[in-house]
Each structure stands twice: as structure tokens, then as C-alpha cells.
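Q: Let me begin by handing over the structure; questions about it come next.
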Amino acid sequence: MQLHRAVLLLSTFFVFVRSSPLVLDNDNEQVPIVVPNLPDGPVYEDGELPPLRDTDGWIDPRLNGGRFLDFTTKRLGEPLNIIISALSDPYILEEDGFRDYANSIGFAGECLGLHYGNLHDADLGDGLGRKPEHLLIRQHYFPIFGTCWESVRGGHHFRAWRQNGTIANSGAWFIGASKEKDSSKNHKIDDDGYNIGRDYFVEKAIAGSRWQGKWWKADVEWHTGLMPRGRRGVNHGIAIDGRVAVLTVKRL
Ligand SMILES: *[C@@H]1O[C@H](CO)[C@@H](O)[C@H](O)[C@H]1NC(C)=O
């Protein structure tokens, strides 16, 4: 008798719950559910966050299958740790102007067209897929030997790609900056050479610079979460802090 009543009570309760308007019917809800760890979905680890939308003057490459590591080899990459936003002086968003700007902060074009090392590819999510670097620029120590001196001695350098495919035609420069050891070490990157290379560039840019009568000064906005921190997938196994500097270079 007791059991019968219990069963009756339970089933009544069940029927009530099923038909009650108080219980939300989840099937009809349009709640976007983000499940980043599905096996074939994107996985965000080590401080990386989902792609940013609506950024001014650049577009997160990850929105269209790109990434913030270049493709040094099939599997390893070097960080794209600086962005020159398209809100910068239009002159430096073009290749020649950008070379002038690089000169103004202490870099110069590759020595006599000699190119050590490989071209790196990068995918900026602009519809052009993995494209080779547009520019390789090296620090020069003094004007007589210029970049040739640096090629022997080691030092700062960067590679640059322009985000100018039709899918994400921002016109921003994406830059992988690093500090190398000297050439007796076969141009290996310094310990911490990616963070150091980025910070060196940023320091020069925000301090202000000039070249042939043109003066510039940059504002910086730091981003974390665009790429993972640590050494996984990074060329030479050198750990990175995962930070990206977005520079807006103003003409004074
Ligand atoms: C993108 O910019 C680079 C660097 O200025 C240039 O070499 C390349 O031709 C441009 N590509 C397109 C599709 O406009």
C-alpha cells in the first residue's frame, strides 16, 4: 500500500514537471554554447583565448584559419609578436615607407641582397594562406658596414607580412621580431630572444624616431591571449610570454 502511494506520487510529480511551463524547454533556446575542447574544434591552452572580433586597424588572423606563429618549418614557428596597425601613418603601411621607418628605428634592409636562412611563411587569415615574408630587416650597428656587420655579429632582426588578402584586407603589418646570436652559432635565436626582440622594437618605436625629415612616434597596446605562452610549437624550443604589441605609428 505504501509503495503504491509512493509510485503514484512520483509519477504525478513527473507528469507535472514535464508539463509545467516553469521548466525551460532547452531545445528551443538559442543559447550559443562555446565548447573549445571538442577534438576537432579549436583548443585554447596556455593562456590563449578565442579570436578577437572588431579590432581596429588589424584583424585577428585566427578568425580565418591563421595563427600568431609563423611557419618556420612544417611544425614549428616563430611568434608574430608585433602588429603595426592600419591606423598608422599611411606612408609606412606601404613597403618603401616601411623600410624608411625601419631605418629610423635602427634597422636596415638585408645586406646586399644576401639572405641567410629560409623564408618563413605566415598565415594571416586574409585568404592568401601561408605566404612568404614580404620583408626581412636587420639591425645595423653603424653605417659603414650597415647590415653586413650585423649579419656577422648577430643582433636584432624582424620579418614582416602585410595583411592584405581580400578576406582580411586591413593593410596592417604583422611582424616577427627576435634577437639572434652571432653567426658562429649559425644564427640561432638568443635565450628569450623572441621577447627581447619584440621589446627592443617597441622601445624604439614609442621613444620616437626620424628618417630624412620624417618624424614618427608610436602608441602601444599590449595583448595577451592571441597566442599561447611557453615553448610548445616554437622554433628552437625557446619559451615566449605570449604577448603581442599593437603599435599605431603616428607621423609627427
Ligand atoms: C601585399 O603587400 C605586399 C607588401 O607590400 C606586396 O608585396 C603584395 O603584392 C601585396 N599583395 C596583395 C594581394 O595586394
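Readers should treat all values here as calculations from the given coordinates under stated rules, not as data from a laboratory. Model, not experiment: these values are computed from the prediction. With ideal geometry, Cβ positions are generated from the backbone for all residues, glycine too; neighbour counts draw on all protein chains shown.
Q: Could you order peptides 205-218, 86-99 by the average number of other Cβ atoms within 10 Å of their residues, highest first?
A: Result, highest mean Cβ count within 10 Å first: 86-99, 205-218.
Q: Right, here's the next one. Between Glu221 and Ile167, how many nm apart are label points set 7 Å from Cα along the C-beta direction?
A: Placing both labels 7 Å along Cα→Cβ, they lie 2.3 nm apart.
Q: Go through Lys181/Lys204; Lys74/Lys179; Lys181/Lys250; Lys179/Lys204; Lys179/Lys250 and tell me which ones have a Cα-Cα distance over 24 Å in this structure.
A: Distance filter (> 24 Å) returns Lys181/Lys250; Lys179/Lys250.
Q: Would you mind calculating the gained length between Glu203 and Glu95 on full extension (0.36 nm times residue separation, minus the Cα-Cα distance), in nm to one decimal?
A: 36.7 nm
Q: Test of understanding: ordering Leu49, Leu247, Leu252 by Cβ neighbours within 10 Å, fewest first, what list do you get?
A: Least crowded to most crowded, the residues run Leu252, Leu49, Leu247.
Q: Would you mind ranking Val249, Val234 by Cβ crowding within 10 Å, fewest neighbours first?
A: Ascending Cβ contact count within 10 Å gives the list Val234, Val249.
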